[in-house]
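Undergrad: Structure below; questions to follow.
The values are calculated or read from the model by the stated rules, or taken from the named source; none is laboratory data. These numbers were taken from a predicted model, which means no experiment stands behind them. Glycine also receives a Cβ, built like all others from the backbone with ideal geometry; neighbour counts cover every protein chain displayed.
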Amino acid sequence: MVAFVPRAIGLEMVGTRPLYRQDVLLPLVRQLQGHPLLAAEAWGLDDHTNRPYDDQSIARLATDEPSGNILQLRRSKRIKHTTFLLLGTQPGISIELSPKTHARDWPALFELGDALAEVYRPDFAWVHLFADVEPPFAEPVEATRFLMDAGVGGAGAAYEDFGPGGLGLRTYIGPRFVQLFGHALLLATPAVVAELPWGGIRVDLVEQPWQAAPSVLTSAWQAAMDHLRPAQLFSTPERDDDGYVTFRRSERLDQAVRE
């Protein structure tokens, strides 16, 4: 069996609590800094600036007023990553691990996902390994994996435009969306489902999804998505003639946001 080699490894988190507030930003950053394999060593506000990490500098960025700043936290040791925290009116958190990260270290990002979700309480969050597949596809499992990866929308314009596209390997659904989906519907999802102390629900496609074979993941994803799509909250995927995917935002999501 050929070992899975990801194209990208990431955590994406979206919500409404603004990261320009100290009481929101600092608990998040301190959770990251408390992880022995993921603590950042440097910070900056662009791709070229690297200042040694210190709490006081980070605290000064949280002015209680939105800005155009994107705080970048970086680590160059084992489990190399860059973390992006959006300090504007559309908050978001994105952690990009090096795709060369050894498989033995993948569980660390899933652990961190639990910790960050507990303190931020997002609307949606994903921890995901992205496959290196592109059209044209050699077999159906590749087409399904491409669709799954494309739906993991994160902290940025794509989520604002289209909303959540679907489940990732691990997905956190916050209290607001638990209510919209329906608590009973989520708990009945054919996946590994856990209720969380902060009011969210965590959906793993399978036990220890970072270890699962691609065919197992895509089958589990399809079954879970077939179960949840009737709620009409995920965006609708549309394939073009070449196999690439775009998404159409859910009308029910728009109604819910307005309410």
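Undergrad: Does Thr236 satisfy being over 19 Å from Glu142 (Cβ atoms), touching a helix residue (DSSP H, G or I) at 6+ places or on another chain (Cβ under 9 Å), of a type in the set (Ser, Thr, Tyr) and surrounded by 12 or more Cβ atoms within 10 Å (Cβ to Cβ)? Let's see the steps before the verdict.
TA: Numbers: over 19 Å from Glu142 (Cβ atoms): yes; touching a helix residue (DSSP H, G or I) at 6+ places or on another chain (Cβ under 9 Å): yes; of a type in the set (Ser, Thr, Tyr): yes; surrounded by 12 or more Cβ atoms within 10 Å (Cβ to Cβ): yes.
Taking the combined requirement at face value, the residue satisfies it.
Undergrad: Now a separate question. Please find, among Leu73, Leu85, Leu38, the residue that is in contact with a Phe, Trp or Tyr (Cβ under 6 Å, 6 or more places away or on another chain), surrounded by 21 or more Cβ atoms within 10 Å (Cβ to Cβ) and outside any helix (DSSP H, G or I).
TA: Being in contact with a Phe, Trp or Tyr (Cβ under 6 Å, 6 or more places away or on another chain), surrounded by 21 or more Cβ atoms within 10 Å (Cβ to Cβ) and outside any helix (DSSP H, G or I) holds for just one of Leu73, Leu85, Leu38, which is Leu73.
Undergrad: Hey, could you check the stretch 93-126 for residues that are aromatic (Phe, Trp, Tyr) and over 21 Å from Pro18 (Cα atoms) and say which is surrounded by the fewest Cβ atoms within 10 Å (Cβ to Cβ)?
TA: Result: Phe110.
Undergrad: Does Val14 fit the bill of being surrounded by fewer than 18 Cβ atoms within 10 Å (Cβ to Cβ) and either aliphatic (A, V, I, L, M) or modelled with pLDDT of 95 or more (or both)?
TA: no
Undergrad: Residue under question is Phe130, and the condition is that it be closer than 28 Å to Val257 by Cβ, surrounded by fewer than 24 Cβ atoms within 10 Å (Cβ to Cβ) and not polar (S, T, N, Q); does it hold? First the steps, then the outcome.
TA: Values: closer than 28 Å to Val257 by Cβ: yes; surrounded by fewer than 24 Cβ atoms within 10 Å (Cβ to Cβ): yes; not polar (S, T, N, Q): yes.
Yes; evaluated as a whole, the condition is true for this residue.
Undergrad: Report, by residue number, each residue of the stretch 77-92 that is closer than 27 Å to Val5 by Cβ and modelled with pLDDT of 95 or more.
TA: Result: Ile79, Lys80, His81, Thr82, Thr83, Phe84.
Undergrad: Same structure, new question: Would you point out the residue of the stretch 46-66, among those that are in contact with a helix residue (DSSP H, G or I) (Cβ under 8 Å, 6 or more places away or on another chain) and assigned to a loop (DSSP other than H, G, I, E, B), that is farthest from Glu111 (Cα to Cα)?
TA: Asp64
Undergrad: Kindly indicate which of Ala155, Ala103, Ala108 is touching a Gly at 6+ places or on another chain (Cβ under 7 Å) and either modelled with pLDDT of 95 or more or more than 18 Å from Asp204 (Cβ to Cβ) (or both).
TA: From the options Ala155, Ala103, Ala108, the qualifying one is Ala155.
Undergrad: Oh, and also: Kindly check whether there is at least one residue in the stretch 191-203 that is of a type outside the set (Ser, Thr, Tyr), closer than 17 Å to Leu169 by Cα and touching a Phe, Trp or Tyr at 6+ places or on another chain (Cβ under 6 Å).
TA: yes
Undergrad: Scan the stretch 135-148 and tell me whether some residue there is crowded, with 21+ Cβ neighbours inside 10 Å, part of a loop (DSSP other than H, G, I, E, B) and at pLDDT below 95.
TA: Checked against the condition, which is being crowded, with 21+ Cβ neighbours inside 10 Å, part of a loop (DSSP other than H, G, I, E, B) and at pLDDT below 95, the stretch 135-148 yields no hits at all.
Undergrad: For the stretch 157-259, which helices (runs of 4 or more DSSP H) that fit wholly inside it have 3 or more residues that are without any contact (Cβ under 8 Å) to a residue 40 or more places away in the chain?
TA: On the way: elements: 157-162, 175-181, 183-187, 214-228, 251-258.
Answer list for the stretch 157-259: 183-187, 214-228, 251-258.
Undergrad: For the stretch 108-159, give me the residue count where each residue is under 30 Å from Gly68 (Cβ atoms) and of a type in the set (Asp, Glu).
TA: Residues meeting the conditions: 3.
Undergrad: I'm checking my understanding of the structure. Among residues of the stretch 33-92 that are among the aromatic types (Phe, Trp, Tyr) and touching a residue at least 24 places away in the same chain (Cβ under 8 Å), which one is farthest from Asp161 (Cα to Cα)?
TA: First pass over the stretch 33-92, keeping only residues among the aromatic types (Phe, Trp, Tyr): 43, 53, 84.
Those left that are additionally touching a residue at least 24 places away in the same chain (Cβ under 8 Å): 43, 84.
Details: Trp43: 29, Phe84: 19 Å.
Checking each candidate, the answer is Trp43.
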